[in-house]
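A short worksheet on the structure shown next.
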Amino acid sequence: MGILFKNGTVVTASDMIQADVLVEGEKIVTIGQNIPSRGHEVVNVRGKYLMPGGIDVHTHLDLPFGGTYSNDDFDVGHKAAAFGGTTMHIDFVIQPKGGSLHDGLKTWRKKAAPAQIDYGFHLAVTDLRDDVMEEIPSLLAEGVTSLKLFMAYKNVFQVDDKTLFRAMRVAAANGMIVMVHAENGDVEEQLRLQLLAEGKTDPVWHYSSRPPEIEGEATNRAVVMAGMTGCSLYVVHMTCVPAIEALRRGRALGYPVMGETCVQYFQMDKDKHLGAPGFQGAKYVCSPPIRTAADRTILWQAVKDGTLQVVSTDHCDFWYEGGKGPWEQWSKDHNGGDWVEFEAQDPSYRRPGKELGKGNFAKIPNGLPGIEDRLIVMWHLGVNGGKISPSRFVELNCTNPAKIFGCYPRKGAITVGADADIVVWDPKKSHTISAKTHHMRCDYNLYEGMKVKGVPVMVYQRGVKLVDGEDWLGKNGQGQFVARAPHAPVL
Ligand code: URP
Ligand code: ZN
Ligand code: ZN
């Protein structure tokens, strides 16, 4: 006996078809007209769309960063993702300084123990010693096929050009993909120090320390190196005109280069949000910064014309009013320990958040909430806004992420043989986004008060229902690690 979705419209990256979908066990087994009910559990989805579960390939759950840790973890963050229609994400393992890539993997595997949705890992290389160069190919056996290098965050995660170039060479030789955070971290440091010396400390100055030029320059550098090495390159969180132009140039030259943007860059505005009164702008501090109307225009062009292939979130949320718990006490007692375990023992402890940067924008933890809101906001702005079709929506949020990161068609597709990760989407249902009702562990929402039309009403993960309206039906351990394959296509 299976689950039979009847009378719905299946939305794929290429088509919208009226069809029934039969799920048996974890898989989609039949798609067709008038499939007989024959003892199956029938789910009537008339008037609804059936879409593949969303895949968010850029998240940072429980990330040690900016003097604290991002809030959402592989438990709460997973629930929030699923309520928003996302059934898989790929998180960034950070190589510890002085340690190995496998040391990082070990830490992230532990973080992922309570998983509720499926997940994969990218490996962020921070210390490319010769032994680490040799270690890279062994990641394939672990189902990890993507490396990440940060061209910014000097003295934290930043690598130099030699490291990036060497990593690209070894990745190319092994069919892996390199992802970059493209901002020139050396120039950023100079701008930041100058601004602070001039007493420019409010959140809005974060923008001036990271102008579009440093993103464009770093993007171009990475694109050229990808062309030289033949390495597949994926530029994360692209935001602005010079960066998109650099990517376009590389693609026109036939280089194997791709890019993503994040949903917030379509909506947030430098002056309105970063420049909000008082310390409010801290809520919107992320890197690269949120930008201007001209940048939003080129981002829409780029998702329409195929320059950009994916929309993700870069989910990395921090409390706005955090710091309620004795962080110092935690550090003292648990130095090098695990914050999640510590919180589980005493939930009254609360991680420091954005307030760390009061009086100094450079100390505001960089990152934003979004894992729950990506699909509803993209549908609202993109599909309802007449900018993209439902099929392009599926392509950007589900199918291309799976193809580029080596797990298609098991993931990202409604097709026979695929995992039954299915979102039942009601295109007529409205919802007002609010921190009061969202499921992320965050005391604010970027889209507070935004009224959207089109929401997930049921979410299935490998044939198991996780979300039914407002009800959570998932459980810890339901989420599985997804091993990915190398030699993925360049789209
Ligand atoms: O501000 C951001 N983007 N925080 C998360 C880390 C990163 O750069 O992706
Ligand atoms: Zn980044
Ligand atoms: Zn990120």
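A few remarks follow.
- Difference of contour (0.36 nm per residue) and Cα-Cα distance, ARG249 to ASN34: 72.6 nm
- Here the range 78-224 is assigned +1 on the Cβ of each Lys and Arg and -1 on the Cβ of each Asp and Glu. Its dipole about the Cα centre then comes out at about 440 debye.
- Links that overshoot a 24 Å alpha carbon limit, given the list LYS200/LYS354; LYS283/LYS403; LYS148/LYS304: LYS283/LYS403; LYS148/LYS304
- Contour minus Cα-Cα distance for LEU473 and ASP271 (0.36 nm per residue): 68.6 nm
- Antiparallel content of DSSP bridges confined to the chain, in %, to 5: 45 percent
- Between TYR265, ILE244, GLN190, the Cα set farthest toward the positive side of the dipole of the range 186-274 (charges on each charged residue's Cβ, about the Cα centre) is that of ILE244.
- Partner lysines whose Cα lies under 20 Å from the Cα of LYS6, excluding those fewer than 8 positions away in the same chain, are identified as LYS27, LYS48, LYS428, LYS429, LYS465.
- Measuring between their Cα centroids, the range 206-272 and the range 85-142 lie 24 Å from each other.
- Carbon/sulfur fraction of accessible area - the chain, other protein chains in place, 1.4 Å, %: 50 percent
- Once the Cα-Cα distance is subtracted from the 0.36 nm per residue extended length, the ASP131 to ARG109 segment shows a gain of 5.7 nm.
- Over all other residues within a Cβ to Cβ distance under 11 Å of ARG462, the charged ones net out to 0, with Lys and Arg as +1 and Asp and Glu as -1.
- The phi torsions of the range 79-93, fed into the Karplus equation with coefficients 6.51, -1.76 and 1.60 and a -60° offset, translate into couplings of 4, 4, 4, 5, 4, x, x, 9, 10, 8, 9, 10, 9, 9, 6 Hz, rounded to whole numbers, with Gly and Pro shown as x.
- Heavy-atom accessible surface of the chain, averaged per residue, reaches 36 Å², computed with a 1.4 Å probe.
The values are calculated or read from the model by the stated rules, or taken from the named source; none is laboratory data. Model, not experiment: these values are computed from the prediction. Methodologically, a virtual Cβ is constructed for each residue, glycine included, from the backbone with ideal geometry; neighbour enumeration extends over all protein chains shown. Note: areas computed on protein heavy atoms with side chains; ligands, DNA, RNA excluded. Shrake-Rupley method; radii C 1.70, N 1.55, O 1.52, S 1.80 Å.
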